[in-house]
Amino acid sequence: MIDTVVAQMIADEEKRQREGLELIPSENYVSRDVLDAMGSIFTNKYSEGYPGRRYYGGQENTDRVEQLAIDRAKQLFKADHANVQPHSGAPANEAVYSAWLEPGDTVLAMDLGHGGHLTHGAPVTRSAKLYNFIRYKMKDISTGEIDYEELRELALKHRPKIILAGFSAYPRELDYAKFAAIGKEVDALLMADMAHIAGLIVGGVAKNPFDYGFHVITTTTHKTLRGPRGGLILTMGTVGNPLKAPEKTLENIPTLIDRAIFPGMQGGPHEHIIAAKAVAFGEALKPEFKVYAAQVVKNASVLADALTARGFKLITGGTSNHLILADVYGSFGLDGKVVEEALDKIGLTLNKNAIADDTLPPYRPSGVRLGTPALTTRGLKENDMERIAEWMKQAVDAYQDEEKLAALHEEVKAFALQFPLPSDN
C-alpha cells in the first residue's frame with residue numbers, strides 16, 4: 001500500500017486482533033475468501049435496482065453475484081425471498097417498519113434495558129420518533145423468562161401492526177410459538193430480528209422463526225454468520241411487480257420491503273459487500289459450519305459456568321446461546337466501563353452493557369456483555385473457556401494494578417498467538 005499512514009494503522013489493528021482475544025458477541029473473524037471479496041473490483045460498479053431490473057448498464061456480473069447471494073440466503077434460512085442489499089442491521093429493521101407501517105403506528109418490541117436493540121424503539125432513534133413503540137420485558141431476570149402474559153395483554157390493548165421478537169443482549173431463546181399465537185390473535189406482522197443468532201439458526205442449534213409462522217426475519221451478516229458487515233432481510237412469499245406500489249398485505253411483504261430498501265432508503269447497493277455475503281453464505285452451507293455453531297453454544301455454556309464459579313453474577317443465570325451478560329457491579333462493585341478497560345489492558349475485548357432495570361448511567365452501566373463466536377472461530381474449545389474466565393477474574397481483582405495487568409497481557413498474548421486468524425489461510 002502506497003499510503004503508509006493507513007498501512008500502518010491496518011498493521012496495528014491486525015496485530016491487536018492477532019495478539020488478543022475477541023469476546024464481544026457481535027464480532028467475529030472472516031475468512032480470507034470473504035476478505036478478498038470485500039476488496040474486489042465489484043466496489044467500482046454502481047448497480048441501482050435489483051438483478052434484471054437495474055438503472056445502469058454493464059450489470060451482467062453484478063446481477064450474477066447478487067442473485068447468488070439471494071439464492072444462498074434463501075437456502076440457508078428456508079425463506080421464499082431475500083433482500084441482500086441492506087447496508088447493516090439498523091437500516092434492515094427500518095426498511096421493514098417503512099414497508100409495513102404508517103407514521104404513528106404501533107410496534108411491540110423488547111425493552112432495551114431487558115435485552116432489546118436500539119432499533120427496537122429506543123427513544124434516541126429516528127424510528128422511535130416516527131412510530132409508537134410499546135415494550136415488553138422479562139418476567140424473571142434470574143431465568144430470563146419473558147412475561148408472555150404481559151406481552152399478550154399489551155398486544156390486545158395496543159393492537160400493534162408489528163410484533164418484534166429479537167434482541168441485542170438476551171442470553172436465552174425466545175418462545176416463537178407464543179409470539180406467533182399472540183400475533184395471530186391481533187393480526188400483527190410477525191418480525192424476528194435475528195442479528196445475533198443467525199449463524200446459530202443456520203447451524204441448527206437455534207430455532208428458525210419461519211418454522212413458527214413468522215413473516216419477516218432481519219439480520220446482520222457479520223456476527224455469528226461470519227460474513228462481511230452488512231444486513232439481510234428474509235421473507236416468505238414472492239415478489240410482485242416492483243414498479244407498481246402494492247397494497248400493504250402479507251402477500252405483498254417481499255415487494256413492499258424491496259421497494260422500501262430501493263428506492264425508499266438506499267441508492268446503489270455495495271456489490272463488493274454483496275459478493276462477500278455470497279461467499280459467507282456459501283461457507284455457512286457447508287457441513288463444518290454446523291460443527292462451528294454447536295461449538296459456539298458449548299463454549300458459551302462452559303464459559304458461563306466458569307464465570308459463575310468465580311463470582312460473576314450472570315443475568316438470566318447463564319446462557320442458551322452465544323451470549324453472556326454479567327452484572328459486574330452487583331458482583332464486584334465495579335461498573336462495566338472499569339471492567340471493560342481492565343480487560344482491554346490484558347488483551348480480552350468485551351463491551352460494557354446495561355442490565356435489566358439498571359440504576360447506573362449508560363456509559364458506566366452495571367454490566368458487561370461477552371460471547372464466544374469469535375473465540376470459536378479462532379479454534380478455542382471448552383477447556384480454553386476456563387482459562388479465559390480465570391484471566392477475567394484476575395483482571396477484575398487487579399484492575400488498579402498496572403504491573404499485574406501487564407503480566408496478564410503477556411499471558412494472553414502468548415496464548416492467542418497459538419490460534420491463527422482465519423484470514424491467514
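Every number in this text was worked out from the coordinates using simple rules, so none of it is lab data. Everything quoted here is computed from the prediction, not taken from an experiment. When we count neighbours, we look across all protein chains shown, and the Cβ atoms used for this are built from the backbone with ideal geometry, even at glycine.
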Once both label points are put 7 Å beyond Cα along the C-beta direction, the residue 381-residue 11 separation in nm becomes 3.6 nm
Counting only DSSP beta bridges with both residues in the chain, tell me the antiparallel percent, nearest 5. 55 percent
Using only alpha carbons, build the gyration tensor for region 274-357 and give me the equivalent ellipsoid semi-axes, biggest first, whole Å. 30, 16, 12
Roughly speaking, what is the stretch gain from residue 36 to residue 363, that is 0.36 nm per residue apart minus the C-alpha to C-alpha distance, in nm to one decimal? 114.1 nm
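Over region 143-287, what portion of Cα pair distances is larger than 21 Å, expressed as a whole percent? Intermediate results must be reported in sequence, preceding the final value.
Values: 5309 of 10440 pairs.
In whole percent, the long-distance tail amounts to 51.
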Please report, in whole Å³, the volume per residue of the convex hull around the C-alpha atoms of region 251-293. 105 Å³
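With +1 assigned to the C-beta of every Lys and Arg and -1 to the C-beta of every Asp and Glu, and no other charges, what is the dipole magnitude of region 86-216 about the Cα centre in debye, to the nearest 20? Walk me through the numbers on the way to the answer.
On the way: 13 positive and 16 negative charges, 44 e Å.
That gives region 86-216 a dipole magnitude of about 200 debye.
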Mind pulling the per residue volume of the convex hull built on the Cα atoms of region 33-284? Å³ is fine. 114 Å³
Per residue, how much space in cubic angstrom lies within the convex hull of the C-alpha atoms of region 287-424? 107 Å³
Distance in nm between label sites at residue 181 and residue 266, each 7 Å beyond Cα in the beta-carbon direction? 3.7 nm
Which value results when the Cα radius of gyration for region 19-156 is divided by 2.2 N^0.38 Å? 1.37
For 407-413, 335-341, ranked highest to lowest by mean beta-carbon neighbours within 10 Å, the order is 335-341, 407-413
Distance between region 239-298 and region 347-398 - C-alpha centres, whole angstrom: 31 Å
Please report the net charge: other residues with Cβ closer than 15 Å to the Cβ of residue 382, K and R +1, D and E -1. 0
